[in-house]
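Everything below concerns the one structure shown next.
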Amino acid sequence: MGVFSNTKETLRVISDVARALPVVLTKLPESDDPASIAMVLEDTVARQPDRNMIVFEGKEVTWGEFNQLANSLAHALIDRGVKRGDCVAVIMENRIEMLAGIMALQKIGAIAGMVNPGLVSAQLAHCINITKSVKCLAGEEIFANVLDVRPDLDMDDTDILWVADLREGSAPEPMDDIMAQLEQYPTTNLEDTKTILAGDTGFYIFTSGTTGMPKAAKVGQRRLLAAGMSFSRAGVRAKPNDRMYLCLPLFHGTGFICGVNSAIFSGASMFLRRKFSASAFWPEIQKYHCTIFFYVGELCRYLVTQPPCPEEQNNPLDRVFGNGLRPDVWDEFKQRFGIDRVCEFYGSSEGNVSFINAFNKNKTIGYCPGTILLVEYDIEQDEIVLDENGKYIPVEPGKPGLLLAEIDDRYRFDGYTDTAASEAKTLRNVLKDGDAWFNTGDLITEVDVGFSMGKPHYQFVDRIGDTFRWRSENVSTNEVGEILNANSQVEIANVYGVDVPATEGKAGMASIALIPGQVFDPSEFSNYVAENLPGFAQPVFVRIQADITTTGTFKLVKGDLRKQSFHIDQMGNDSIYVMMPRTNSYQILDQALYGSIMDGSAGY
């Protein structure tokens, strides 16, 4: 049996290599070549105009119908002054109109600023302004948030376009109800779409850095094409008769660059959902015959913690694609739900390389076709370790190291809209004079996965610095800290991530020094946090300290605070508050609540 099993595994890997090799060897278009995701969409539409493209909230839209909608919206935007190279902020929940808006901009050669619809206040205004957006496609469902920041936006009222959702209201004057006027515009493809270049920017996707507000990462057409080809063919092996289950937010790279992009390349249908629901997942998989699921690891953990349901038996789902599936969840997820292929990947919105588990190995992010280097990193000091000659030190196989990716003609670094931020992520003269490497800010390690055609495979270990991941979102501790510092009670806030048992990622925790003479008012603080931070960035724990410790260079000290975490026996005289699941206010963390968190029954 062992020989047969090894032979079977070897043949499977060889088959996977045969499928992946044409993708790896395909020459990407040069920057000045006409090539774009909009052209790929139009090619797919030409092949299968009458096949189903999207199922959403009882509606079914064919590829041809969607293309006509995107075309008429593109003509309407041009009529309102949008031109090639302009950025338009797109702020909506997952729905057909959001996809149509994004693709309309791609057809024009404009840039879609993919703004998180959960953002409010200063963060929302920043994301619209930093991209120099000339218009804003703002969904009815989040329009109140845009109105709240209207005085802070670098645009006129008429530049804010109201995109109807359920039409429970109407567009406020003088803002434009653009969807109601589409009938007057052509539904034909734009001639200019054929002239969009591979080197043009298609999207801005926002990423939380270690300092300040979100940064807008440039996503070029060339990268969209490379991702769509590799993810759809070598990853999920999608075909027109497949249907993809998409519930990830489409303003994220995993939702659009991986999910929607794979559908456009393959012609597969999409079942689209605004948000994930664990209870609805398997009934919908069965009802809509979904064969592919795009995930983040937290969703897989939710699914395995749900009680068994009849619909999960003999389900049609056989391939999943995503990132962050924990090794301790991996086996149970595959075995319980009968998943044949888990295509874990690693990448970032701004990064120049990605990893893909194209060989269907267990508990790995796969291999990377680009040139990478893992170097020693001191987590406590939060810095790269150099040898006595000032050189980077490669780690030994099997040990975690900071991932660097070489920037070359094939694996380019598009960077951010902020040139200084782009340069800060670039390391130079690493192995030789004149070379350049992208600093991912992530620790990974090489792992032994058995036969893999000589391709080393890797596992993700952790993020470094001041960014942590919670509820499938990246949270910048400095960004949250700056917002908390503006609260009337707070003198200074120190924000960091802490581990919570039986929970993916790290929960936000803020240690706060109050303005002298203040007594902490949890009700006022709860309201402030709700008004100024999206749910994923709101601290779960708040520690009230007499003083906040800083270094000699005034950097906040976090090491001991992370170790003490929210453990009430290590708080000394400090008070600690918690926002429990499904609540919206902070309360004292007592022994009973602490026990429920530690035994995993609190429900985070």
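Each other residue within a Cβ distance under 13 Å of SER575 adds +1 if Lys or Arg and -1 if Asp or Glu, for a net charge of -2. Within the chain, DSSP assigns beta bridges of which about 60% are antiparallel (rounded to the nearest 5).
Between ARG84 and ALA122, full extension at 0.36 nm per residue minus the direct alpha carbon distance yields a gain of 10.9 nm.
Ordering of 250-261, 354-365, 279-290 by packing is 250-261, 354-365, 279-290, highest average first (other Cβ atoms within 10 Å, averaged per residue).
Between GLN306, THR417, PRO369, the Cα set farthest toward the positive side of the dipole of segment 264-420 (charges on each charged residue's Cβ, about the Cα centre) is that of GLN306. One decimal place: the segment ASP43-LYS391 gains 120.4 nm when fully extended, by the rule 0.36 nm per residue minus the C-alpha distance.
Partner lysines whose Cα lies under 20 Å from the Cα of LYS361, excluding those fewer than 8 positions away in the same chain, are identified as LYS8, LYS334, LYS399, LYS455. Within the chain, the whole DSSP H helices whose Cα atoms reach 30 Å or more along their own axis and whose mean Kyte-Doolittle score is at least -1.0 are 2-25. Bridges between two residues of segment 493-604, per DSSP, are antiparallel at a rate of about 70%.
Each peptide in 98-104, 64-70 gets a packing score, the mean of other Cβ atoms within 10 Å over its residues, and the list from highest to lowest is 98-104, 64-70.
Modelled this way, with points 7 Å down the Cα-to-C-beta line, the labels at ALA546 and THR583 are 2.8 nm from one another.
Could you order the peptides 399-407, 87-95 from most to least packed, using the average number of other C-beta atoms within 10 Å per residue?
87-95, 399-407
Using 0.36 nm per residue of separation minus the Cα-Cα distance, give me the extension gain between SER575 and ARG167 in nm, one decimal.
Value of the extension gain: 142.2 nm.
Computed per residue of the chain from DSSP H runs no shorter than four, each worth -39500 (n - 2.57), the mean residue ellipticity at 222 nm is -8000 deg cm²/dmol. The mean sequence distance of close C-alpha pairs (under 8 Å, at least 6 residues apart), as a share of the length of the chain, puts its relative contact order at 10 percent. Could you tell me the center-to-center distance, by alpha carbons, between segment 286-302 and segment 446-460 in angstrom? One Cα centre to the other: 26 Å.
With the simple model of a label 7 Å out from the Cα in the direction of the Cβ, THR371 to THR7 spans 4.1 nm.
Rounded to the nearest 20 debye, the dipole size of the chain about its Cα centre is 1940 debye, using +1 on the Cβ of Lys and Arg and -1 on the Cβ of Asp and Glu. What separates the Cα centres of segment 181-249 and segment 484-537 is a distance of 35 Å.
Any read-out appearing in this document is the output of simple, stated calculations on the displayed coordinates, not a laboratory observation. Being a predicted model, the structure only gives us computed values, none of them experimental. Ideal geometry is used to build each Cβ from the backbone, glycine not excepted, and the neighbour counts take in all protein chains shown.
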